[in-house]
1. Restricting the search to the stretch B:368-390, which residues are touching a helix residue (DSSP H, G or I) at 6+ places or on another chain (Cβ under 6 Å), over 19 Å from B:Ala40 (Cβ atoms) and in a helix (DSSP H, G or I)?
2. Which one is nearest to A:Met36 (Cα to Cα) among residues in the stretch B:46-77 that are at the interface with chain A (Cβ under 7 Å from one of its Cβ atoms) and in a helix (DSSP H, G or I)?
3. State the number of residues belonging to the stretch B:214-250 that are acidic (Asp, Glu) and either in a loop (DSSP other than H, G, I, E, B) or within 16 Å of the chain's Cα centre (by Cα) (or both).
4. Answer yes or no as to whether B:Glu321 is at pLDDT below 95, in a helix (DSSP H, G or I) and either farther than 20 Å from B:Tyr221 by Cα or within 17 Å of the chain's Cα centre (by Cα) (or both).
5. List the residue pairs whose Cβ atoms are under 6 Å apart, where the first residue sits in the stretch A:78-91 and is without any contact (Cβ under 8 Å) to a residue 40 or more places away in the chain and over 18 Å from A:Val120 (Cα atoms), the second is of a type outside the set (Ser, Thr, Tyr) and surrounded by fewer than 22 Cβ atoms within 10 Å (Cβ to Cβ), and the two are 6 or more positions apart or on different chains.
6. Which condition number does B:Cys347 fail, the rest of (1) in a helix (DSSP H, G or I); (2) buried (at least 21 other Cβ atoms within 10 Å of the Cβ) being met?
7. Among the candidates B:Glu191, B:Glu205, single out the residue that is of a type in the set (Asp, Glu), outside any helix (DSSP H, G or I) and in contact (Cβ under 8 Å) with a residue 12 or more places away in the chain.
8. Considering only the stretch B:271-319, state which residues are of a type outside the set (D, E, K, R), touching a residue at least 60 places away in the same chain (Cβ under 8 Å) and more than 29 Å from B:Gln373 (Cβ to Cβ).
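The values are calculated or read from the model by the stated rules, or taken from the named source; none is laboratory data. Small disclaimer: the values here were computed from a predicted structure and weren't measured. Virtual Cβ from ideal backbone geometry, glycine too; neighbours counted across all protein chains shown.
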Amino acid sequence: MDWTDALRFFRGPFFTASLLFFIGGMAYRLVHAVLMGFTRDRVESRGSKLTGVVKTYLKGLLVLPFIPWVRRTFGKNALTYVAGGLFHLALFAVIFFGTPHMLVWKSLLGFGWPTLPLPVTDWLAAVGIISLIVLLLNRLTHPVLKLITRSPDWVNWALVFLPFATGYMMAHHMFLRYEVLFSLHMMTVDVLLIWIPLGRIAHLMFYFFSRTFQGAQAGKRAVNP
Amino acid sequence: MKTQSAMTAYVREIGAWTATQLQACTRCGLCADACHFYQALGNPEYAPVWKVELLRRAFEQRFTLAGRLKLAVGLDKRVTDEDLAHWSTIVYEACTLCNKCAMVCPMGIQLGPLIHDVRAGMAAAGVVPADLVAATTKQKEIGSPLGVTGKTWAERMEWIGDEWEVKVPVDVRGAETLVVFTSIELMKFPENIAAVARIMDKAGEKWTTSSKGREVVNFGYFEADPELTKLFLARVFDAAKELGVKRIMISECGHAYDAFRWTAANIMDVPAGIEVTHIAQVMHDLWKAGRIRLKKGAFDDGTVTFHDSCKIQRRGGIIKEPREILKWLAPKAFREMIPNKEQALCCGGGGGVISIQEADPLRFAVFGMKIDQMKAIGAESVCMVCSNCRLQFVEGVAHFSSAVRVRGLTEMVSQALE
């Protein structure tokens, strides 16, 4: 078996299996959580829950991750907030608007869309990698994070960092042969897909619950989320 | 054994609302930045994420495959009686349930209510700080956490009427508004009760107090014991039904407003057609409707600021009303602390913390941040609409030998009546 076979495996059957596991796993977690049952809110609202929800998404997605200072709270830790914001921006921009990734989506979905120019994706990827390193340093040094971090949290970091790093090296033909890097990239992506439903990266789905609650709670009380 | 009771309570409480939020947590630790206890004292165990740790363990170990697996291979720890005792001090003494962390969480997790749930497990297991239990027991048996008996209450109300020359109606059937005070006001800030009487009289409001529903504070809610919470709520709701009032007005008390206005309907049957409102809202409405007139600029001497109480402002939404009044009373002298409104810093005395003597050093350390905030804008006086905050301010200002004058907004309004 050489690297070409490996690549064929990691982007072929293993990728399909990982993707199916990801979808199945996330569906399981979704159903499992929702089946625990919501209770009805019988309290009379003071404001509009919907307004609160819309506001909290706009703020939470567009403003706070990049301009946390509006909260006037992050005296010491604004950098972490910004790093988190930039990391997610980079991640989603590269996954959805990087040309090679769009082509993967196209093969899966059957349609494509315009992508970002290579230099832009490239810079974004670099920003993503730097943000991840900042977040790692923060996790290594912040007293609260030292207290709450468990082994799966390190796995989370590593499994997100590796596809980023191998992808970046691939685009720049760094260190290793292209098909080796491509194989490693696909392998780490596959492992990540399997890992997501098992751990806390599943917040990508549960985020939409907690954010909605936050907005509804604020809207109900007519306060700014 | 204690653990068993706590876990049973957790399992009962956890539904999709809790499960989805616990799973949304990325363990980023940013909530610590919002927590005044962590900021003031630097103990990482005060981070809100760590305060819900036991609830997380209960959820993962009882409800998820991964959690059970982690437990089996030793990656996660079981909850023990020692854990309960340890976390009891953290969630009762170093948390006011102010919910600022929920404003800061990138996921928007409602940490305040979740920590309240953690407390509920403690209450079920009987691992609650002794001072809090003592106050709760007094409220259960005597009717007031400060031990005010029905007789003392009646005498005190009469005395207030004489001393300030106001009428404090008791048990008047057919009144429209039932006003319920806190024992703190009765015993420590009686001028506040006189102020309410004066305002209601001036507005020509048909109001009453009740000798049955005479305590608005809810120590069951501080403890997070669902049965006691309901019992204390029911005393007031029953009194309101009996007197046939249209609304219950909570006096200057934050947690009570939260319990009556935002929680009661979800945990018990509340009487239909009785509105729950707060003095800050009522004063504003009466003023806007022209039923009371206030002297413009009555308090324009010396910088005055407003302290946002977490349960009335951030969690209650009565944010612009007190400000409109203040801007009228002190158009030149009113200045905002930073941060304020929804983002305001809690005083550190709420959530029952003030009644736990062991927590005194913590709440004073937290209050140091409030002192800094007031200093930064050169505040000469501060006002608020919560007696619990007010008591914390009075004690805190004395603790730091600050010259800032502490007042209730209601008192100021009553003095500015025309």
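1. B:Ser387
2. Here the residue is B:Ala66.
3. Initial filter on the stretch B:214-250 (acidic (Asp, Glu)): B:215, B:223, B:225, B:227, B:238, B:242.
Checking which are either in a loop (DSSP other than H, G, I, E, B) or within 16 Å of the chain's Cα centre (by Cα) (or both) leaves us with B:215, B:223, B:225.
Of the residues in that region, 3 qualify.
4. When the stated conditions are applied, B:Glu321 does not pass them.
5. What qualifies is A:Tyr81/A:Phe74.
6. Result: B:Cys347 fails condition (1) only.
7. Values: B:Glu191 fails: outside any helix (DSSP H, G or I).
After ruling out the rest, the residue left standing is B:Glu205.
8. Listed by number, the residues that qualify are B:Leu286, B:Ile292.
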